[in-house]
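What follows is one structure encoded as structure tokens, with my remarks underneath.
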Amino acid sequence: MIQTNYLVIGSGIAGLTFAIKIAERFPNKQITIITKSSDGESNTKYAQGGIAVVVNQIEDSYEKHIQDTLLCGDGLCIEEVVRMVVTEGPKRLQELIDWGAKFDTNAKGNFDLGREGGHTENRVVHHKDQTGFEIERTILAQAHSKKNIHILDYHFALELITHNNQCLGAYALNEKTNEIISFHSDYTLLATGGIGQIYGHTTNPTIATGDGIAMAYRVKAKINDMEFIQFHPTALYSKNSGTTFLISEAVRGFGALLRTKNGNRFMSQYDKRGDLASRDIVSQSIEIELKKSGDECVYLDCTAVDAIGFQKHFPMIYEHCKNLGIDISKNWIPVQPAQHYLCGGISVNLNGQTSIENLFACGECSRTGLHGANRLASNSLLEALVYSERIVTFLANYIPKSHETYTKINEWKVNAKTKIQDYNCKNKKLKLQLLMRQYAGIVRTDSDLLLAKNQLEHWENEFVEIEQNHKINKDFYELKNMIGVARLVVEQSIVRNENRGGFLKH
């Protein structure tokens, strides 16, 4: 058993920022970060757009950012949360800069602010089209510099350890030795990112399998708003299942236009904001156009934009398209919607507390109320920065309630029977992804959702039997988590009978 003061599960912006700050606040306390891949692999790393922050209060204002967020959330945001996150944003951005993060500036030395769908002003601070990579680089270096932070990569969290509604730590699989370790902690933070792999066509990396949400649900933590799945409207079109390349919304903010294969600009038919409508509107509009035409993709026309400026602002996108034979000055980029972000998750209060004592959640796996029915572009990195600070501040002043001491943590019971064959998991994963795309995608129906629910319940029962008779491994547990999370998405979609934001049911 490993004893630690703070156990952090996940090494993206939420987990690392919390760890750095709590380590600085309490230099004599121990912080342990476990992550199932390399320490630098996270959803954060792949964020292209940037951080939405009000830094120019002459042209912009907190109130404008707040109203843009509320409008995008379609009446389901918690306004108190929105106001808190927006107004604390500049301080949190400055901390990143103080740690060494570099953001693009213009000739005058001011931030080169981008604009994305749903924003009424340019307020997206970015590092070219690799903002997440720059942030991850910065905060990982900071975390490694702290003597009281211990990062254990290739440690896959299996289950939370709870007693009397208190979290005592977690069990994790050391992927290098296949040993299952008990981590005993005073406080545990879930910062496990998104759920994109349950759909297959996603902008999320392969690690985004909803592990934190699944673990929290199994210990009866409250999970809300799972029906609000945000699909990014402009992922690079691919016939194959798997992680797809993201064409940032900032490209449309730069002047690119959406067209059908016949050249028709269609967005003005659906929203007065046209190509700069919020991403739920754009994704749903593309989906309707594709169903009308029978085509597999629409196109992003960048031929009229400044090619030199495009290459400067979006070097990664430019090179990726070039390598595929797409010259953005001459060719349209084929795009399709792909799963991008989960607006719901583990319910937390203003201090990041879940319904389980001593268990906190931050980042995409949490449901704060900021996003409501649909996330405003580039608000997610901001949310993680603000909430990691909120949790640290809360814990710095927190006096634990007196409660029953419970120190006995049982070791994980290893089932020493046969191994699970890898191909079983791979085949089932492909079936799950197809099921979710077909029955719980951008546009849903109750009949499709009920079919999906029945299939998911069948698989869950099947997995109970498999687990009883086989040694578990990472692939099996990831898939178990994905099926559990998919069921939450489906069940909460069935219950919702009102179309809001990213949720559309016919």
Which whole-number percentage describes the relative contact order of the chain, with Cα contacts under 8 Å and a sequence gap of 6 or more? 21
Under a point spin-label approximation (7 Å from Cα along Cα-to-Cβ), what is the residue 350-residue 270 distance to one decimal in nm? 3.7
Leaving ligands, DNA and RNA out of it, report the carbon-plus-sulfur percent of the accessible area of the chain at a 1.4 Å probe. 49
Would you mind checking which residues have amide H under 5 Å from residue 158's amide H? H placed 1.01 Å from N; only 5 or more apart, or other chain. 171, 172, 173
Would you list the membrane-span-like helices of the chain, meaning whole DSSP H runs whose alpha-carbon atoms span at least 27 Å along their axis and whose mean Kyte-Doolittle value is at least 0.0? 474-495
Contour minus Cα-Cα distance for residue 55 and residue 239 (0.36 nm per residue): 62.2 nm
Can you work out the accessible area per residue across the chain, with the rest of the protein chains kept in place, probe 1.4 Å, in square angstrom? 41
For a protection proxy built on the mean count of beta-carbon atoms within 10 angstrom, sort 16-22, 485-491 highest first, please. 16-22, 485-491
If packing is taken as the average count of other Cβ atoms within 10 Å, what order do 459-467, 368-376 fall into, highest mean first? 368-376, 459-467
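Can you give the relative contact order of the stretch 315-463 as a percent, counting alpha carbon pairs under 8 Å and 6+ residues apart?
Over the stretch 315-463, the number comes to 13 percent.
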Protection proxy ranking, peptides 218-231, 469-482, average beta carbon neighbours within 10 Å, highest first: 218-231, 469-482
Which one, 54, 87, 100, is farthest towards the positive end of the dipole of the stretch 1-146 when Lys and Arg carry +1 and Asp and Glu -1 on their Cβ? 100
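The values are calculated or read from the model by the stated rules, or taken from the named source; none is laboratory data. In this text, all values refer to a predicted model and were calculated from it rather than measured experimentally. A quick note on method: Cβ atoms are made from the backbone with ideal geometry, for glycine too, and the neighbour counts reach across all protein chains shown. Note: areas computed on protein heavy atoms with side chains; ligands, DNA, RNA excluded. Shrake-Rupley method; radii C 1.70, N 1.55, O 1.52, S 1.80 Å.
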